[in-house]
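Presented below is the structure to which this report refers.
The values are calculated or read from the model by the stated rules, or taken from the named source; none is laboratory data. Since the structure is predicted, the reported quantities are computational estimates derived from the model, not experimental observations. Virtual Cβ from ideal backbone geometry, glycine too; neighbours counted across all protein chains shown.
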Amino acid sequence: MNPVPLDAARSAAPAATPVGTSAYSPFVLLLAAVLFINYVDRGALSTAGPLLQADLGLSNTQFGMLSSAFFWTYVCMQIPVGWIAERYGAHRVLAAGLIVWALATILIGFAASFLGLIALRMLLGIGESTGFPSVSKLLAAAVPVASLGTANGVVGFAYLFGPAVGTFFGGMLIVHYGWRSAFLVFGCLSLLWLWPWLRIVREQRLVPTAESASPSMSMLCKNRAMWGTAIGLFSSNYVFYFMMSWLPIYLVRERGFSTSGMAMLASASYAVMALCALGAGWAIDRHIKRGGSQDLGYKSIMAAAHGGAVLCMLAMAFGSQSLALIAIFVYQALCGASSPGIYAIPEILGGTRATGRWVGIQNSFGNLPGVIAPWLTGFLIDLTGHFTWAFVVAAIMSFLGLVGWLAMLPKLEEIDWQARTA
């Protein structure tokens, strides 16, 4: 097992000095695993959606509120979690968060009322809010910049493959044992991650250290690039959370698939997304190591992903069933390809001195669609009886990402926080 530096290890040396942790080291793989679990647990609700709605008598608007309740707390906790991760150790914050969200997932399996589910989804959001700020902080500290694309591709593969596994196995559990079984099984299995994580933390003796010349929160909030990544993530997440929350119901109600057929199709599309994340991260790093531009490597993929997503949303809204199914897979491929850049870009720009708080702010704003998209989609479906306008809104939101990722970002290199602080 490769030695892994402590959370802020790169602060003890110049910010540009690579620590040397491989993108495929056990440390990075465990970070990928925790976000895989994160997405399996949060996505269980959409897989259980058709039966859960019928069992508890929920309207589409109520189900949309239930989906968005997760984000009420998830969004609010991002900024404080980013600060806490930098101050007290991202490894500790991540472990505590997993315990909270695993217990919330288990308890959802016992919930019997709409209000009870709302409360538990909010608790789930508190626990899962520790994920990306902590993981991004640890990656920025441990992985050389030249390998961040691959490392984020590995992590992206994991969390994007989570819905594929969760939808398929959750669907099978639900078909045979009811919707509650998925939450009970997934929540209990989540806790198993703590055993290897606590072992690697103990072996590496990870402890937080203070970082010099760290930018203030005010400096971060005034940074144009930080808001560029936040707007880009807002756009990406609107479409992603819309699809994650409503794709199973869209396939069953609008396109006539059975529950098992929906589970297989949705799982296959999520698997395509995950594989494209892994491939894109590797391709970006290969391009850079051959002397290519980081800007071209990351920004061209972000542009293609958002432009292509616009066309895919319109195809799903107005196309035939065959065209809609093709558009689902094309969108998932583009979304997966863009995922390494979503966190590699702030890790490059923010460096070890700012990544935890940068990603906290970025995620706080960028996950507001989690509050908006599920509820607004449910409202539009109840209003019109179809998904058409929901896809049109998603297409508009995807176009917004071109502004954030292309128009607002500077050249991709670590910002000299020491000079700015001085």
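Name the residues in segment 94-117 that are without any contact (Cβ under 8 Å) to a residue 12 or more places away in the chain and not aliphatic (A, V, I, L, M), would you?
G116
In segment 222-248, what residues are closer than 13 Å to I372 by Cβ and small (G, A, S)?
The answer is S235, S245.
Is it the case, given these coordinates, that Q418 is within 21 Å of R87 (Cα to Cα), among the polar types (S, T, N, Q), at pLDDT 90 or above and in a helix (DSSP H, G or I)?
The answer is no for Q418.
If G307 passes every condition in (1) more than 15 Å from L233 (Cα to Cα); (2) surrounded by fewer than 17 Cβ atoms within 10 Å (Cβ to Cβ) but one, which one does it miss?
Tallying (1) more than 15 Å from L233 (Cα to Cα); (2) surrounded by fewer than 17 Cβ atoms within 10 Å (Cβ to Cβ), G307 fails exactly one: (1).
Here's the yes/no breakdown for (1) of a type outside the set (S, T, N, Q); (2) buried (at least 24 other Cβ atoms within 10 Å of the Cβ); (3) out of contact with any Ser or Thr (no Cβ under 6 Å at 6 or more places or on another chain); (4) in contact (Cβ under 8 Å) with a residue 40 or more places away in the chain:
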| position | (1), (2), (3), (4) |
| --- | --- |
| M122 | yes, no, no, yes |
| I126 | yes, no, no, yes |
| S129 | no, yes, yes, yes |
| P133 | yes, yes, yes, yes |
| L139 | yes, yes, yes, yes |
| F157 | yes, yes, yes, yes |
| F186 | yes, yes, no, yes |
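Every residue in segment 56-99 that is small (G, A, S) and in a loop (DSSP other than H, G, I, E, B), please. Quick ask: steps written out before the conclusion?
Our first condition is that a residue be small (G, A, S); within segment 56-99, this holds for 57, 59, 64, 67-69, 82, 85, 89-90, 95-97.
Selection gives G57, S59, G89.
Got a sec? Which helices (runs of 4 or more DSSP H) wholly within segment 195-300 have at least 1 residues that are within 19 Å of I415 (Cα to Cα) and at pLDDT 90 or above?
Those helices (runs of 4 or more DSSP H) span 224-249.
Does S59 satisfy the criteria of being over 18 Å from the mean Cα position of the chain (by Cα) and either on the phi > 0 side of the Ramachandran plot or modelled with pLDDT under 85 (or both)?
yes
Among G341, G356, G351, which is the only one that is within 30 Å of L296 (Cβ to Cβ), at pLDDT 90 or above and either in a helix (DSSP H, G or I) or among the β-branched types (V, I, T) (or both)?
So the residue among G341, G356, G351 that is within 30 Å of L296 (Cβ to Cβ), at pLDDT 90 or above and either in a helix (DSSP H, G or I) or among the β-branched types (V, I, T) (or both) is G341.
Within segment 295-350, which residues are of a type in the set (S, T, Y) and closer than 23 Å to L35 by Cα?
Here is the first cut: in segment 295-350, the residues of a type in the set (S, T, Y) are 298, 300, 320, 322, 331, 338-339, 343.
Passing the criteria: Y298, Y331, S338, S339, Y343.
Please go through segment 352-376 and pick out each residue that is under 20 Å from the mean Cα position of the chain (by Cα) and not hydrophobic (A, V, I, L, M, F, W, C).
Once the filter is applied, which keeps residues that are under 20 Å from the mean Cα position of the chain (by Cα) and not hydrophobic (A, V, I, L, M, F, W, C), segment 352-376 yields T355, G356, R357, G360, Q362, N363, S364, G366, N367, P369, G370, P374.
Within segment 102-119, how many residues are under 19 Å from M65 (Cα atoms) and in a helix (DSSP H, G or I)?
Total meeting the criteria: 10.
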